[in-house]
Amino acid sequence: MKWFRLVFLASMTLALFYLLNFPHGQKLPFAPGEFFNPFAGFWQNNLRSDRIPEKLHLTGLADSVIVRWDDRRVPHVFARNAHDLYFTQGYLTARERLWQMDFLVRAAAGRISEIIGPDSALVEYDRYRRRIGIVYAAENALKTALEDDASRLALNAYTAGVNAWIERLETRDIPVEFKILHYRPELWTPLKSALLLKHMAWELTGYSEETLHTRLRAALGDSLMEELYFPASFLAKPVIPAGTPWNFRPLPQPAPPETLFQAFPLRSPGLSGLTRHSPFSFSDIQLAIGNLGGPNPANGSNNWAVSGKKTRSGYPILCSDPHLGLTLPSIWYEIQLSSPEVNVYGVSLPGAPTVVIGFNRHIAWGMTNAHTDVLDWYQVEFNLANPREYRYQAEWRTAKQRLEKIAVRGGQTLIDTLLITREGLVVFQPPQKTASGSVISGMALRWAGHDPSNELAASLKLNRAANYREFMQALADHDCPGQNYAFAGSDGDIAIIHRGKFPLRWKGEGRFVGDARNPAYHWRGWIPGEHLPGIKNPLPGFVASANQVPVDSTYPYFLNGKYAPFDRSRRIFERLSEMENITVQDMMALQTDILNQRARTLLPGMLDILERQDISLAEATNIEVLRAWNLENRRDAPAPIIFESWWENLHRMTWEDEIPAENGTALLPREEATIDLLLRDTASVFFDIRGTEEPETLGDILLLSFGKTHEELTRRFGAFGEGWNWGKARGTEIPHLARLKGFGREGLETDGNHDIVNAIKKAHGPSWRMVVELGPRVKAWGIYPGGQSGNPGSAHYDEFVNDWVNGKYYELLYLQSAAETHPRLIAKTVLRGGK
Amino acid sequence: MILSFLTLFILQVLTPFWWWILVVPFLNGLTLAGSSWRAAGAGMFSAGLLWFLGSLHLYLTHARWIISRISLLAEAPSPYLLIIAATVIAMVCGGFAGSSGYALKALVKRSD
């Protein structure tokens, strides 16, 4: 009996140990005993993390460093040399954002299966990340960066700083996400910083519609493609004002192929090596890219600089608000970095040294995404007898191979073979299965981000630049992602430049899938840096960009890109043109401007035509609401919901009968095409709905789309009333980076919309708003939707969110020395080398 | 029982290991407990009380936010359920481990 009793109780105890000491699948990824332990589990990720130490001894520091902390938990770092400066940046960033850094880099490198487990979708995601060559690109970039003394020093010092934090991290202080997912932080390496920068480059340049364009071209022909998918909107105002002279002698334009390539059916080798035809579906590729986390096409931004001639203070003002996917922890970490050779303030990317967008005593800068295409897809013909061989002109060439090991938690490590051809990395390769389950054929990716480059060098120099000349010298190192850099200097200069490494192209190149066999499709060089579009101190007294087309048709090089519609840029140009005696408050008001430029341009005409139609009483109420609207996308207004839904329905109903869909995917024409019809071709045949007996007109389409909008809104929100509220209906959220429920912010009621200057969308928008006035003492204001701490248990995790929603700004404390006093400085940490 | 509680408290504060709530009650049952029920009771009480007080203290002082977020993640209707969960885990572990310790002691005694 006693034996039985002992065996039973001991078995129960051991069973408890097993149950509580190990995770149990994806539904219970954490070890419950460890997780619920009040002395080391999630309970310890609490407000204690907000305490700021007075002294720290860190092995690796060469000298003492002083960090002053302000009331928003922004560290102001004062170091005596560059090594200690970036060491401290790494240490402090890791202290606040370690899990975010670790997770982002794993996601960038295709290492998510390593921490989550054998989920086929995640393994596919990891494989995709390897195939698009993010690791390959980061390795190339790192090699270049390590050859540069300043970059090597910054990377190594930053790495050492991050690792100084990781090594002293006690179990209870490990960020809670590590505890939930039951894994531990790895030591940082310079490659991880490079991976992070390449991840950002991909997010800003990785969007492509070439595969869908290719399919559409076969159905629509060249002329319609040009009109519908590559329209030159007459409303758009280019970044570099039309008529700006180009003071250089351009290189000769490359010769296009004799006939434009139309994708061919591939005979692809199957698993067994037998020949068979593979169904070739471009929309599969698009779908796969979408499912596997393709970049958001809305990644954009606004920036502008106004000359002192237009400001009340007489000093130049620079404004910047990059629009990115919103997450918690925030994509940005605010910091001031000061040493004898630099004193810069702004936002940094957790995981990489330097300030990315910011200002120093002499200059301020901000970026918007260039949206100029630096990514091409090629169809590759593989040798059926040898899948490693691909055709180039008349010969077979052998692709290089690169093995990618994909570790899977609790599963077998997978080895994927990445083929590298002359034209790029083979992302889709027979008989590769995509996320959509279809088999597709060989497609190679050529991306400027794969080439060796050192954007960190540009950032280091930018942080130290003292004038326009040094600003331009710094940008010479910036290759990818292409950006519109706006500049303002305390000496009065303002400028903007469309900067990046852009391939020399013949007109139309890059719009469709290219032929890997034909050298006419291969990149053959770059637009020289000194030929890139830019302008300094233009007569109107301002420069601005909002992801719109960079140049007018006189620019001698062909820039391919899906640029933003006219709305934001036109509004910004209009306001800056008419404003005089500009104040900082005016600039804040413009950054948060919510005038719906599209409604202003189109709505009166749309309503005039609609009112001539036979409308119901309920629909008439909606018309009254739109007529009474002040054209602002205000969160408490009903009109924006009606207009935005109506516009979407109108655009879709105009085109959906003309545009062929494949596997349910149809790429509708650019919105500019619809705008053009409404303003210049109201009798267009495109308004006719194919398949109906009577020909439809614009009036019919307006009526049908308006009726559909009314029906949809009534179904969603009930009869017209309080439920029709733009803020509630759209609902903005800032999800947690790993989409952990309860760790993000939901149900935020916000103003604005995409294509409005205040470009807040569902989970995307101004990720940092900054206004800098470059007087004798620089003054600056800023805010981002998050908080300095990455700990969800901290008071500083999301403390700026409500103020960001309400369009408020914080004055940024830009200290000149470590000894400076200010009532908003709340703490000081002295860091010294040693144990 | 108090000795067990204090030992457990010190070990939990000084080390990150959760499984002291198995080891200490087991050792208590093996060495000090006078009966199986006492061993189980001491284990339940010392481990359960320690985790209850630990988690409650953190909820009332520093950890309200993280507990609220974890309860949202776990879809728990109240943050207090997490405190109850921690207490129950500790009580069950302490109880079974204490009894096991005493059962081994009883077997060894009989062999003597």
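The values are calculated or read from the model by the stated rules, or taken from the named source; none is laboratory data. Here the structure is a predicted model, which is why all the values come from computation and not from measurement. Glycine also receives a Cβ, built like all others from the backbone with ideal geometry; neighbour counts cover every protein chain displayed. Ligands, DNA and RNA are stripped out before the accessible areas are found, and what is left, the full protein with its side chains, is counted by its heavy atoms. Shrake-Rupley method; radii C 1.70, N 1.55, O 1.52, S 1.80 Å.
Peptide A:171-178 has a mean of 1 when you count, residue by residue, the C-beta atoms of other protein chains within 10 Å of its C-beta.
From other protein chains only, count the Cβ atoms within 10 Å of every residue's Cβ in A:11-22, then give the mean. Please report the intermediate quantities before stating the final value.
Working: counts 2, 7, 14, 4, 1, 9, 7, 0, 2, 7, 4, 0.
Neighbouring Cβ atoms belonging to other protein chains average 5 per residue here.
Taking the radius of gyration and the Kirkwood hydrodynamic radius from Cα positions alone, what is the Rg/Rh ratio for chain A, to two decimal places? Show your work: numbers first, answer last.
Details: Rg = 28.0 Å, Rh = 28.7 Å.
Here the Rg-to-Rh quotient is 0.98.
Sorting the segments A:821-827, A:175-181, B:43-49 by their mean number of nearby beta carbons within 10 angstrom, highest to lowest, gives B:43-49, A:175-181, A:821-827.
Give me the 1.4 Å probe accessible area per residue for chain B, excluding ligands and nucleic acids, in Å². Walk me through the numbers on the way to the answer.
Numbers: 5380 Å² over 112 residues.
Per residue, chain B has 48 Å² of solvent-accessible surface.
For segment B:38-112, what % of the accessible area comes from carbon and sulfur atoms, probe 1.4 Å? It would help to have the intermediate numbers written out before the result.
Numbers: 2250 of 3280 Å².
With neighbouring chains kept in place, the figure for segment B:38-112 is 69 percent.
Within segment A:481-564, the proportion of C-alpha pairs whose separation exceeds 19 Å stands at 46%. Membrane-span-like helices of chain B, defined as complete DSSP H segments with a Cα extent of 15 Å or more along the helix axis and a mean Kyte hydropathy of at least -1.0, are identified as B:2-14, B:20-31, B:36-60, B:80-111.
Taking the mean number of other Cβ atoms within 10 Å as a proxy for protection, how do you rank A:629-639, B:83-93, A:325-335, A:17-27 from highest to lowest?
Details: A:629-639: 19.7, B:83-93: 21.8, A:325-335: 24.6, A:17-27: 13.9.
Highest-to-lowest ranking by the protection proxy: A:325-335, B:83-93, A:629-639, A:17-27.
Pairing chains A and B buries close to 3700 square angstrom of accessible surface in total, based on protein heavy atoms and a 1.4 angstrom probe.
Think of chain A as a dipole: +1 on every Lys or Arg Cβ, -1 on every Asp or Glu Cβ, centred on the Cα centre; then among A:ASN753, A:LEU602, A:SER113, A:SER113 lies furthest on the positive end. For the pair segment B:28-62 and segment A:510-537, the centres of their Cα atoms are 71 angstrom apart. Normalised by 2.2 N^0.38 Å, where N counts its residues, the alpha-carbon radius of gyration of segment B:38-112 equals 1.46. Here the 3J(HN,Hα) profile of segment A:397-405, calculated from phi with Karplus coefficients 6.51, -1.76 and 1.60 at θ = phi - 60°, is 10, 9, 6, 6, 10, 9, 8, 10, 9 Hz, Gly and Pro shown as x. For A:LYS507, the lysines whose Cα comes closer than 24 Å to its Cα, not counting residues fewer than 8 places off in the same chain, are A:LYS237, A:LYS562.
Legend: calculated FRET efficiency, A:LEU403 to A:HIS57, from the Cβ-Cβ distance at R0 = 51 Å, rounded to 0.05, equals 0.75.
Evaluate Rg over Rh across segment A:694-835, taking Cα atoms for both radii and Kirkwood's formula for Rh.
On the way: Rg = 22.7 Å, Rh = 19.5 Å.
Result: Rg/Rh = 1.17.
Mind running the shape call on segment A:119-191? Use the C-alpha gyration tensor, a ≥ b ≥ c as the square roots of the eigenvalues: rounded below 1.5 for a/c, prolate if a/b tops b/c, oblate otherwise. Intermediate values should be presented prior to the final figure.
Values: a/c = 4.93, a/b = 1.08, b/c = 4.57.
Cα axes put segment A:119-191 in the oblate bin.
A Förster radius of 25 Å, combined with the Cβ-Cβ distance separating B:LEU11 from B:LEU107, puts the computed FRET efficiency at roughly 0.45. Atom-type composition of the exposed protein surface of chain A places 53 percent of the accessible area on carbon and sulfur (1.4 angstrom probe).
Take each residue in B:16-29, count the other chain C-beta atoms within 10 Å of its C-beta, and the mean is 4.
Which of the three applies to segment A:538-664, rounded, prolate or oblate, going by the alpha-carbon gyration tensor with a ≥ b ≥ c and a/c under 1.5 meaning rounded? Provide the component values of the computation, followed by the final result.
Details: a/c = 2.52, a/b = 1.30, b/c = 1.94.
It is oblate, given that a/c is not under 1.5 and a/b is not larger than b/c.
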